[in-house]
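The values are calculated or read from the model by the stated rules, or taken from the named source; none is laboratory data. These figures come from a predicted structure and were not determined experimentally. Reconstructed Cβ throughout: ideal geometry from the backbone, glycine too, with neighbour counts over all protein chains shown. For the accessible areas, the whole protein counts, side chains as well, though only heavy atoms, and no ligand, DNA or RNA atoms are used. Shrake-Rupley method; radii C 1.70, N 1.55, O 1.52, S 1.80 Å.
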Amino acid sequence: KMAAAGAAAAAAAAGLWSEVNRCGQNGDFARALKSVNKILQISKDDVTALQCKVVCLIQNGNFKEALSIINTHTKVLTSDIIAFEKAYCEYRLNRIESALKTIQSASQQTDKLKELYGQVLYRLERYDDCLAAYRDLIRNSQDEYEEERKTNLSAVVAAQSTWEKVVPEDLGLREATYELCYNSACALIGQGKLNEAMKKLQKAEELCRQSLSEDSDVTEEDIEAELAIIHGQMAYIMQLQGRTEDALQLYNQIIKLKPTDVGLLAVIANNIITINKDQNVFDSKKKVKLTNAEGVEHKLSKKQLQAIEFNKALLAMYTNQADQCRKLSASLQSQSPEHLLPVLIQAAQLCREKQHAKAVALLQDFADQHPANAAEIKLTMAQLKIAQGSVTKACMILRSIEELQHKPGMVSALVTMYSHEEDIDSAIEVFTQAIQWYQQFQASQTRRPKSPVHLSLIREAANFKLKHGRKKEAISDLEELWKQNPKDVHTLAQLISAYSLVDPEKAKVLSKHLPSSDTMSLKVDVDALENSHGATYVRKKAGKLTGDNQQKEQGQGEVKKKKKKKKGKLPKNYDPKVTPDPERWLPMRERSYYRGRKKGKKKEQVGKGTQGSTTAGSSELDASRTASSPPTSPRPGSAAAVSATSNVIPPRHQKPAGAAATKKKQQQKKKKGAKGGW
């Protein structure tokens, strides 16, 4: 009986194995997993069955369960048997360090493990080791995956160029696919060759459309989704070139497509936030949510994630979320203690809160702790001091930056600031220290002429001293310049001018070195000069004064031309017999005879009594309408009516005689014409 039962179990297992094999070939791993589980019920420690179960779980995306089975059957599934599957599960679960340990602990490095090793190194941003791993794979492998390996190799070179600023070497790869073109464009962006990178991206777009359009099952939406990452890089180039409007439009088009790549969405949202800056903060607050999506931290590099966090802190500052800004910047500082931006953000937030002293103290502490970054921090401190009006203290901070003391920009800034404070001695001292530094540097360089910067500083120092009346101090600088270039006439003239006030005899001696007038004469075409635009204008003016005019000028002197006065315009109804109103230039309300506006008939009846009613006797009770009261304005047709104050009404306020009559005739004509209408 036992033999019969064993034979039946073996037959059942054989049938199940054939089912597993058939399902595996068809890609139906869910059904294969059911058959494998039945086999494990018959033999729970079957190594092959356990391996098949792990593979089926991986194919179905159940990486946690697959890793759990590997870890619970360590005695059966040793590292030699299941090393690749374990490392792959750890890699897909974003346990990159564990995956690296698993690969390195494997006794035999198979081709599959080497491929995975390259991917792990790329995720760990160990680009030099990754490049070596892929080169070894390409050299020692010959199969259908060669194109994918070359694509990965170009991605490593692009990452080196972008994040480590390494000049990429020419790999000699034929850019036959859009992935290779895209990676090449990324490498060019890292070198700052934006125009070349844009051309590569345009070529990548064409190749992508061609390759995807050949597949009849691929829709236009699928093509646009695949092109999203290429368009995103194009928009980034536009942003770097200052074409922010075009970049913003393209970024928003990509977001409307709703791509599934959370890393791409996070980068685009971050770039839009950088364009908005302190404007359109409500849009930035919406976009920042895309950077917080699940899985973003596994899709982006460390520098990308760091940049996003910096922008979050700045956005919190712009939206007046002081506590949130301090929290984010403090977290960033703890992660990267030597990085400048977290400290600068904290200082900016303190300045927004009018706490400039605390901001300067914070920057000073950072400069003391990190001397390597002290120069940039001290520049910021000087800017804060200038904002507070402490220019002298700002100068002291700037002069403490030893590595920048001799730079022309620093010298110019210090001299300008000291001049503003009228501290000429300190400004001259800045010039002197910078010139001495270049002299010491020149002494260490054998057989080399003086640098243009050195000579330029000497000339600027001399000009500055001459401008502020320091003739004696300027002479030594001018002599040094003339010594370097004896043919410089301008310097010689300055030197003679300076000596003329200090040592006239020396000035006379030096004046002998000036070139003669013959050598100084310029070859000027007189005819061409006279026919120039400016000369013709002068000649026209001069041509008017000829002949008799010149004699009159010599005999009588200058005669001024008399301008004709234009006759003033008079009113149409002007009457010369009537005396003009002496108050005609005053506004009507300020004249002595003004009695206010005349109220109309309709306005009289509105607003009196109860709402909507009129007062019939209002005109009878109006004292101004009685016969005894004098008129406040002349009647139409009267030429000289006298008001109650016996002032004459000016002609411009009189109506012409017969105006009322003509108005009545016009109204009658209109009425007659209306009869022939409707």
Query raised in the report: So for 40, 586, what's the accessible-area order with a 1.4 Å probe, most first?
Result: 586, 40
Query raised in the report: In square angstrom, rounded to the nearest 10, how much accessible surface does residue 370 have for a 1.4 Å probe?
Result: 30 Å²
Report summary line: So for the range 399-479, using the alpha carbon gyration tensor with a ≥ b ≥ c as root eigenvalues (a/c under 1.5 gives rounded; past that, a/b versus b/c decides prolate or oblate), I'd call it oblate
Report task. Show 201, 33 ordered by accessible area, largest first, where the area counts protein heavy atoms only and the probe is 1.4 Å. Result -> 33, 201
Query raised in the report: Counting Lys and Arg as +1 and Asp and Glu as -1, each charge on the Cβ, what is the dipole of the range 115-197 about the Cα centre in debye, to the nearest 20?
Result: 260 debye
Report task. Take the alpha carbon gyration tensor of the range 246-380, find the square roots of its eigenvalues, order them as a ≥ b ≥ c, and report rounded if a/c is under 1.5; if not, report prolate when a/b exceeds b/c, else oblate. Result -> prolate
Report summary line: The size of the Cβ-based charge dipole (Lys, Arg +1; Asp, Glu -1) of the range 435-514 about the Cα centre, to the nearest 20 debye, is 100 debye
Query raised in the report: For residue 466, what accessible area in Å² do you get when you roll a 1.4 Å probe over the heavy atoms of the protein chains, rounding to the nearest 10?
Result: 40 Å²
**Report entry** Label-to-label distance, nm, for residues given as residue 174 and residue 222 (7 Å Cα→Cβ offset)
**Finding:** 2.7 nm
Query raised in the report: Which percent of the accessible heavy-atom area of the range 182-272 goes to carbon and sulfur, probe 1.4 angstrom?
Result: 47 percent
Report summary line: Measure of exposure for residue 167: accessible area at 1.4 Å probe, Å² rounded to 10, is 120 Å²
Report task. Multiply the residue separation of residue 65 and residue 338 by 0.36 nm, subtract the distance between their alpha-carbon atoms, and state the gained length in nm to one decimal. Result -> 94.1 nm
Query - Counted charge near residue 308, where neighbours are those whose Cβ lies closer than 13 Å (Asp, Glu -1; Lys, Arg +1) - result: +4
Requested in this report: Assign one of three labels to the range 25-155, namely rounded, prolate or oblate, based on the Cα gyration tensor with a ≥ b ≥ c the square roots of its eigenvalues; rounded applies when a/c is under 1.5, prolate when it is not and a/b is larger than b/c, and oblate otherwise.
Outcome: prolate
Query - Positive minus negative residues near residue 335 (Lys, Arg vs Asp, Glu; Cβ under 11 Å) - result: -1
Query - Hull shadow area, averaged, the range 435-514 [alpha-carbon convex hull, nm²] - result: 5.4 nm²
Report task. Work out, step by step, the length gained on full extension between residue 585 and residue 319: first 0.36 nm times the residue separation, then minus their alpha carbon distance; give nm to one decimal. Result -> 89.9 nm
Query raised in the report: Among 91, 138, 74, whose Cα lies farthest out toward the positive end of the dipole of the range 74-185, if unit charges sit on the beta carbon of Lys, Arg (+1) and Asp, Glu (-1)?
Result: 74
Query raised in the report: Where only protein heavy atoms count, and the probe is 1.4 Å, what is the accessible area per residue for the range 120-193 in Å²?
Result: 52 Å²
**Report entry** In the range 280-387, trypsin sites (Lys or Arg not before Pro) in a DSSP loop with at most 10 other beta-carbon atoms within 10 Å
**Finding:** 354
Query raised in the report: If you add up the charges near residue 238, with Lys and Arg at +1 and Asp and Glu at -1, over every other residue whose beta carbon is less than 11 angstrom from its beta carbon, what do you get?
Result: -1
